[in-house]
Amino acid sequence: MSNVFDMLKERGVIAQVTHEDEVRELLGKEKVTFYVGFDPTADSLHVGHFVPMMAMAHMQRAGHRPIAIIGGGTAMVGDPSGKTDMRKMMTREDIQHNADRFKQQLSKFIDFTDGKAIMVDNADWLLELNYVNFLREIGAHFSVNRMLSAECYKSRLERGLTFIEFNYMLMQSYDFLKLNQLYGCNMQLGGDDQWANILGGMELIRKAEGKEAYGMTFSLLTTSEGKKMGKTEKGAVWLDPDKTSPYDFYQYWRNVNDADVVKCLKLLTFLPMEEINRLAQLKDQEINEAKKILAFEVTRLVHNEEEAIKARDAAEALFGKGGAAADMPTTEIPASEFGDGMNVLDLLLRSKLIPSKGEGRRLVAQGGVYIGEGKVESIDLVIKPADFENNELIIRKGKKVYHKIVLQ
């Protein structure tokens with residue numbers, strides 16, 4: 001049976017690991033309890049969480065036990081890692097609402113039945129801490145000089161680092177210690193920007209408990225140019241279908257750059273490496289086949305097979321035949337609001353295809369807006385009810401973004 005460490009390494013999931021030989025041996029010979037933290041600072045997980053979720057699923061499939069820790073306590077402080085400004089403080093009610101949503105989304109990847117995985121909230125222990133006792137028992141193990149050498153703090157010193165954020169490393173390290181004490185958790189996994197916090201937790205367990213602990217970080221999901229993936233003109237690509245529709249989600253992956261397809265297939269799907277290596281040989285126009293497979297697989301994982309099929313069929317109807325599809329992103333406009341006609345820029349704004357009229361003018365000038373099959377030549381174009389077919393009108397922005405307007 002292959003070692004999950006080797007599989008994760010082959011797929012490019014692992015960025016750093018604290019004791020490579022020991023971790024590989026440990027994962028190959030016994031059941032390991034590990035944890036990944038999620039700060040519930042939004043009401044949905046997004047594409048940036050995708051790699052950690054996949055890694056947890058791979059580890060569980062190999063027989064190891066995941067702990068998903070919802071950072072209800074740490075979210076009330078804010079993690080400075082990878083940030084240039086302090087996070088907005090959240091209420092306890094906001095955090096609980098977001099945590100409940102996370103649980104639903106994580107359950108699509110992780111099996112929580114019969115103790116196969118555990119979900120906990122660090123608010124259970126962090127919010128009840130006695131500050132003086134915490135300083136004496138935990139703070140005494142940390143060197144301020146070493147903490148300030150961590151990249152997450154160095155990058156903030158010039159702009160200003162608050163004391164509340166400075167405590168974050170102690171709090172996350174304490175999480176690792178508590179999970180070690182409560183559940184025998186001896187490995188923390190996280191994004192590569194969490195390296196310093198992971199090291200802090202390992203060191204705390206060694207000093208406080210006299211035990212060895214381990215850490216592993218994931219590769220961040222970036223493009224071949226080094227930019228973070230998961231951003232569009234509309235904002236983040238969310239896993240919640242109410243925030244990013246399955247069709248838009250599918251289209252995001254269908255339209256990734258050619259250079260990023262194989263990396264995404266490795267990190268974000270369960271396709272065997274033999275199949276991925278086959279797809280990696282595709283060149284030029286053939287690479288679109290790999291993009292379609294990527295888009296279908298990730299949409300199926302995050303939503304379900306039915307939604308993935310609907311999104312694929314909608315895309316095929318558009319790209320293959322130039323026609324409309326029922327599952328295309330849609331804006332409904334009352335006939336009373338539309339009146340005798342609407343200027344093309346107003347219609348683009350109304351359907352949220354552009355953020356401003358200035359952007360709309362630029363798109364039209366570059367020939368990037370189509371109504372039906374016809375290119376929009378002027379920003380003065382007025383769309384009239386007679387231009388609709390069965391009360392429907394298709395707008396295309398650029399080569400790949402389609403939107404349906406329904407006149408009610």
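Annotation: amide H of G72 within the under-5 Å range of N122, A123, sequence separation 5 or more or interchain, hydrogens built in the peptide plane.
For K310, the aspartates and glutamates whose Cα falls under 15 Å of its own Cα, not counting residues fewer than eight places away in the same chain, are D248, E297, D327. Counting only protein chain heavy atoms and rolling a 1.4 Å probe, the accessible areas of E389, E10, E359 rank, largest first, as E389, E10, E359. Compared with the dominant Cα axis of the chain, that is its longest principal axis, helix 195-209 is turned about 30°. A 1.4 Å probe, protein heavy atoms only, puts the accessible area of M273 near 20 Å². Suppose a student asked you for the relative contact order of region 239-384, using Cα pairs under 8 Å spaced at least 6 residues apart; what percent would you report? Computed value for region 239-384: 20 percent relative contact order. A 1.4 Å probe run over the chain, with the rest of the protein chains in place, finds 48 Å² accessible per residue. Taking all protein chains as they are arranged and a probe of 1.4 Å, the heavy atoms of K283 leave approximately 130 Å² accessible to solvent. Basic side chains Lys and Arg get +1 at the Cβ, acidic Asp and Glu get -1 at the Cβ, and with that the dipole of the chain about its Cα centre reaches some 620 debye. When S2, S44, S107 are compared by accessible area at a 1.4 angstrom probe, the order from most to least is S2, S107, S44. Only protein heavy atoms count here; under a 1.4 Å probe, T18 has an accessible surface of about 40 Å².
Within the set (1) 0.98; (2) 0.95; (3) 1.03, the number that Rg/Rh (Cα atoms, Kirkwood Rh) takes when calculated for this structure is listed as (3).
May I ask for the angle, rounded to the nearest 10°, between helix 92-106 and the longest principal axis of the chain, with both axes built from Cα atoms and the value confined to 0 to 90°? Orientation of helix 92-106: about 80 degrees from the principal axis.
Could you tell me what percent of the accessible area of the chain is made up of carbon and sulfur, with a 1.4 Å probe and every protein chain present?
On the way: 9260 of 19540 Å².
Its accessible area is 47 percent carbon and sulfur atoms.
Across E128, E392, E203, mean-square fluctuation computed from a Gaussian network of the chain (C-alpha pairs under 10 Å connected) peaks at E128.
The values are calculated or read from the model by the stated rules, or taken from the named source; none is laboratory data. These numbers come from a predicted model, not from an experiment. Backbone-built Cβ (ideal geometry, glycine too); neighbour counts: all protein chains shown. Surface areas here come from the heavy atoms of the whole protein model, side chains and all, with no ligands, DNA or RNA. Shrake-Rupley method; radii C 1.70, N 1.55, O 1.52, S 1.80 Å.
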